[in-house]
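The values are calculated or read from the model by the stated rules, or taken from the named source; none is laboratory data. These numbers come from a predicted model, not from an experiment. Counting neighbours? That spans all protein chains shown, and the Cβs are built from the backbone with ideal geometry, glycine included. Side chains are part of the model used for accessible areas, which takes the heavy atoms of the whole protein and leaves out ligands, DNA and RNA. Shrake-Rupley method; radii C 1.70, N 1.55, O 1.52, S 1.80 Å.
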Amino acid sequence: EFFPRSEGAVRAADGTVTSGNFVTAQKRLAQIAADGFDVLYLPPIHPIGHTNRKGPNNTLDASPTDPGSPWAIGAAEGGHDAVHPDLGTVKEFEAFVAAAKKLGIEIALDLALQCSPDHPWVTEHPEWFTTLPDGTIAYAENPPKKYQDIYPLNFDNDFDGLSAEVLRIVELWISRGVSIFRVDNPHTKPVHFWEWLIGRVNAKHPDVIFLAEAFTRPAMMHTLAAAGFQQSYTYFTWRNHKWEIAEYLTEVSQKTAAFFRPNFFVNTPDILTEYLQFGGVAGYKIRAALAAMSAPSWGMYAGFELIENVARPGSEENIDNEKYEYKFRDFDSARANGRSIAPYIGKLNAIRRAHPALHQLRNIQLQHVDDDAILAFSKYLPGSQTDSGKPDGVIVVINTDPHAVRESTIRLNMELFGLPNGTQFEVTELITGTTYTWGNDNFIRVDSFTEPAQILAVTYPKGHTA
């Protein structure tokens, strides 16, 4: 998935590839909207190269029927400005975008500045690549991973020419209805290029958003945000224990919030953490609730709701993922048979929409819980900052241990959500609908085998305006 505006959430494409997929995929849009997602992220939709094409799980022996990696962009059918013929035509893509917009869904497209050896740029502009002493073009590497099917771009030899071409590509997809670009590995390109590109695009299209997919050193991630990226991937995926989650929430909501706007993706095709591999359904619910309740924008890649938790041996990556093969998923059957947590995720998104306090980043306030696995935080907006004129307060209590039932005491600082300490008040648990009377100190029981997260809406006395 992806991110939207302040309250947005995103839903990733399901990876299924059939002839005319943009036409058939329109059938999924209504369910995506019903689940509360307002951005649909599409990985690269361009023609895929044949030279050094990868097979399943990044193997070097692709069969004639293997599609290759969508990130190996470019073939005889065209490059970054073309659509893969298996997905449909440009007109079908534009119709797909129009159908999405009618449902309130924006389309986000992957912007991967790299090429397959078969991309038209390789022959038309060889100076845009790195040539080795033996005359061959260097392929991409991220040790120990090797991507023989991908040539990285090199901005050193013709910065102006290459930059102008990328701007043309971005403008073209904007004209086709794309409003968000998820930028693949922006930290491997010059920072001043991004400052230039985003500045030029936003001067003409101020609503277009660029999301930095830069899992790299903090200094570089922060630099890209300062250079113009409106949102950024984060280290959230690897923060799983209570203490490190609390530390990271403090960092993104206070220390870097002035320039670094986080998007809490719970997974990607590259990232299947040990926590998700062994956390079961509870682990997936915990990560979804934590992301959806703490960050103004969160994301979910396809398959997460189906608890796809089998890793390729020796890696933190889903086995048989759609980076290298067609992936067929029966979402409707899984939902009907109770094998999908999509209804739970839809409920999380409905809660987000109903509570403006959850749309903010800087209002995260940690609350004390004696147990070392139960994380609690509150979010609050006074009535002067809500459309209704009523204050909005939410308390989130999450058991970060997916394998246990935890009981403890939560010791609240009520002033952090607009009530005087020492008073009693009502809270409604929004997943189950149960109502409690709380005060400063409250017993809590969080069962990972039933509901590992409790999301409690504060009931304010009539006339309360603080």
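Below, the figures for the structure above:
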item	result
Carbon/sulfur fraction of accessible area - the chain, other protein chains in place, 1.4 Å, %	52 percent
Tail fraction, Cα-Cα pairs, region 262-404, threshold 26 Å, whole percent	32 percent
Local net charge near residue 440, Cβ-Cβ under 14 Å (Lys/Arg +1, Asp/Glu -1)	-2
For region 150-300, convex hull of alpha carbons as volume per residue, Å³	133 Å³
Which of 197, 180, 154, positive extreme of dipole for region 120-201 (C-beta unit charges)	180
Added length on full extension, which subtracts the Cα-Cα distance from 0.36 nm per residue, residue 175 to residue 188	2.0 nm
Accessible surface, the chain, averaged per residue in Å² (probe 1.4 Å)	40 Å²
Vicinal HN-Hα couplings computed from phi for region 114-123 (Karplus, 6.51 cos²θ - 1.76 cosθ + 1.60; Hz; Gly/Pro x)	7, 9, 7, x, 9, 5, x, 4, 5, 8
Contact order relative to length of the chain, as percent, for alpha carbon pairs under 8 angstrom and 6 or more apart	14 percent
Relative contact order [Cα under 8 Å, 6+ residues apart], region 155-284, whole percent	19 percent
Cleavage-rule hits (chymotrypsin sites (Phe, Trp or Tyr not before Pro)) in region 239-290: DSSP loop, at most 11 neighbouring Cβ within 10 angstrom	none
Total charge dipole magnitude, the chain, about the Cα centre, Cβ charges on Lys, Arg, Asp, Glu only, Debye to nearest 20	1260 debye
Distance in nm between pseudo-label sites at residue 168 and residue 421 (7 Å out along the Cβ direction from Cα)	6.5 nm
Long-range HN-HN contacts of residue 110 with modeled amide H, under 5 Å	42, 182
Contact order relative to length of region 256-313, as percent, for alpha carbon pairs under 8 angstrom and 6 or more apart	50 percent
³J(HN,Hα) computed for each position of region 385-393 - Karplus, 6.51 cos²θ - 1.76 cosθ + 1.60, integer Hz, glycine/proline x	10, 10, 5, 7, x, 9, x, 10, x
Amide H contacts under 5 Å for residue 214, placed H, 5+ residues apart	233
HN-Hα J in Hz across region 333-343 - Karplus 6.51, -1.76, 1.60, θ = phi - 60°, x for Gly and Pro	5, 4, 5, 5, 9, x, 9, 10, 9, 4, x
Placed amide H near residue 69: partners under 5 Å, 5+ positions off or other chain	54
Coarse-grained scattering of the chain at q = 0.07, 0.10, 0.14 Å⁻¹, given as base-10 log I(q)/I(0) from a Debye sum over alpha-carbon atoms	-0.37, -0.75, -1.38
